[in-house]
Every structure is written in C-alpha cells, then in structure tokens.
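One structure below.
The values are calculated or read from the model by the stated rules, or taken from the named source; none is laboratory data. Bear in mind the structure is a predicted one, so any value in this text is a computation, not a measurement. Ideal geometry is used to build each Cβ from the backbone, glycine not excepted, and the neighbour counts take in all protein chains shown. Just the protein is used for accessible areas: all its heavy atoms, side chains included, with ligands, DNA and RNA removed. Shrake-Rupley method; radii C 1.70, N 1.55, O 1.52, S 1.80 Å.
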Amino acid sequence: MNILWDFDGTLFDTYPAYTAIVRGVMNDKKVSDEEIFCQLKVSFSDAFQHFKLNEEQIKTIRMRARQLRPNDLKPFPDVEQVLKQADKNVIMTHKERDDVLSILTFHKLDGYFTDMVAGDDGYPRKPHTASYEFLHEKHKVDLAIGDRKIDILPAKKLGIRTCLFQNETPGADYYLNHYRDFNKTIKPY
C-alpha cells in the first residue's frame with residue numbers, strides 16, 4: 001500500500017506546541033487552549049481570522065513556529081509501525097521542506113519516505129489537488145491520511161481512499177484515533 005501523509009497533526013503531534021505559541025502571542029486570558037487548538041486544526045489562516053490577529057502577530061507566530069526544534073515535536077505513538085509496513089510513504093505538507101527533513105532526520109524517520117511536496121515547492125495550498133495529483137501520478141497513492149478535512153478533500157477528488165486521524169468529520173473512508181489500530185481499521189484494497 002502506498003500512503004500519502006499529511007505532516008502536522010498526522011505524523012507529528014505539533015498542534016500543542018502551535019497552540020502554546022498562539023496563546024503566548026495573543027495574550028488573551030479569556031480564550032481557552034481548546035478553542036485555539038480547534039481553530040488551528042481547521043487551518044492557521046482560519047485561526048488568525050477567527051482571533052482577529054494583526055499582521056505583526058501573525059508574523060511572530062509563523063517565526064516562532066519555525067524556531068521549534070525537532071526535539072520539541074514528537075511523532076504520534078505507533079506511527080512508525082504503519083510507516084514500516086507501507087510499500088511507499090510520501091508527504092504533502094504546507095511546512096517548509098528543510099523543517100520537515102530536520103524533524104524526520106532527528107527522529108530517525110526520514111528513511112521511510114520516498115517523496116514529498118512541501119510548502120516551499122510552489123504548489124497551491126490544500127485543498128487544491130495539484131500536489132496530490134503530482135504524488136499520485138508518480139507513486140500511485142492508495143490511501144491519504146490527514147487530520148483535517150482539507151487533507152482528504154484533494155484525495156477524494158482524485159478517487160484515492162482517505163483516512164482522518166483523530167477527527168470524526170464526515171467524508172472520510174476510514175477514521176483512526178490511534179495508529180496501533182491501523183490494521184484493524186484500514187482494509188487492504
């Protein structure tokens with residue numbers, strides 16, 4: 001099985017660190033971490049708009065997110081077991097390529113990935129299908145795994161099976177909360 005992975009919130013548990021960064025920049029005691037987390041899970045742009053952040057705040061958040069060190073971000077438990085059993089793993093992320101590679105290398109997961117489309121590769125942002133089309137044509141993707149609806153929409157348009165991770169939004173073929181349940185949940189094609 002060839003799997004297309006989202007990075008943030010799917011391979012790596014990055015949203016708690018992003019939530020802390022937004023919390024620090026907003027400095028609004030009335031807004032809960034849960035609300036920040038939920039808005040970020042829709043998209044950073046939606047969160048920025050929802051909380052009416054100004055350009056300086058947005059710039060600071062993006063800068064601090066890029067300054068996170070690889071050891072600040074942890075892969076989800078048991079994700080390596082799924083990576084090991086796939087024939088090919090590819091990544092489609094809005095994160096910058098160098099940042100993704102340094103995190104994967106630090107956690108010794110870089111060897112599991114055949115290809116990647118990153119945020120600085122010039123493709124339109126999700127849910128546009130261009131990056132998914134590129135990876136699908138090159139690697140014949142069987143399953144796309146993401147933690148947000150925008151991660152599965154391009155795959156659905158291309159006829160690729162989809163899995164939402166830690167998200168129950170309607171529209172996916174499969175739903176998974178823990179990677180240890182991958183083989184029980186995802187049926188071979």
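For the range 93-110, a residue qualifies if it is within 23 Å of Glu133 (Cα to Cα) and either open to solvent by 40 Å² or more (accessible area, probe 1.4 Å) or in contact with a His (Cβ under 7 Å, 6 or more places away or on another chain) (or both), and the qualifying residues are His94, Glu96, Arg97, Asp98, Leu101, Asp110. Only one of the numbered conditions (1) over 27 Å from Ser131 (Cβ atoms); (2) open to solvent by less than 30 Å² (accessible area, probe 1.4 Å) is not met by Leu40, and that is (1). The criterion of being under 21 Å from His178 (Cα atoms) and among the basic types (Lys, Arg) holds for Lys41. Would the range 128-150 turn up any residue that is out of contact with any Ser or Thr (no Cβ under 9 Å at 6 or more places or on another chain), over 19 Å from Lys88 (Cα atoms) and not β-branched (Val, Ile, Thr)? Taking every residue of the range 128-150 in turn, at least one turns out to be out of contact with any Ser or Thr (no Cβ under 9 Å at 6 or more places or on another chain), over 19 Å from Lys88 (Cα atoms) and not β-branched (Val, Ile, Thr).
Examine the range 133-141 for a residue that is out of contact with any Leu (no Cβ under 7 Å at 6 or more places or on another chain) and under 22 Å from Lys187 (Cα atoms), and state whether such a residue exists. Checked the range 133-141: at least one residue is out of contact with any Leu (no Cβ under 7 Å at 6 or more places or on another chain) and under 22 Å from Lys187 (Cα atoms). The numbered conditions (1) of a type in the set (Asp, Glu); (2) more than 24 Å from Ala47 (Cβ to Cβ); (3) surrounded by fewer than 17 Cβ atoms within 10 Å (Cβ to Cβ) are all true for Asp142 except (3). Residue count for the range 167-182, restricted to those that are touching a helix residue (DSSP H, G or I) at 6+ places or on another chain (Cβ under 8 Å), farther than 16 Å from Leu153 by Cβ and open to solvent by 40 Å² or more (accessible area, probe 1.4 Å): 1.
Which residues, counting only those in the range 12-51, are within 15 Å of the chain's Cα centre (by Cα), in a helix (DSSP H, G or I) and hydrophobic (A, V, I, L, M, F, W, C)? Hits for the range 12-51 are Ala17, Phe37, Cys38, Leu40, Val42, Phe44. Within the range 1-14, the set of residues being open to solvent by 10 Å² or more (accessible area, probe 1.4 Å) and touching a Lys or Arg at 6+ places or on another chain (Cβ under 7 Å) comprises Asn2, Asp8, Asp13. Scanning the range 71-92 for residues that are within 20 Å of Ala155 (Cβ to Cβ) and surrounded by 15 or more Cβ atoms within 10 Å (Cβ to Cβ) yields a count of 10. Condition first: closer than 19 Å to Leu109 by Cα and either modelled with pLDDT of 95 or more or surrounded by 15 or more Cβ atoms within 10 Å (Cβ to Cβ) (or both). Can you find one or more residues in the range 59-67 that meet it? No, there is no match, as no residue in the range 59-67 is closer than 19 Å to Leu109 by Cα and either modelled with pLDDT of 95 or more or surrounded by 15 or more Cβ atoms within 10 Å (Cβ to Cβ) (or both).
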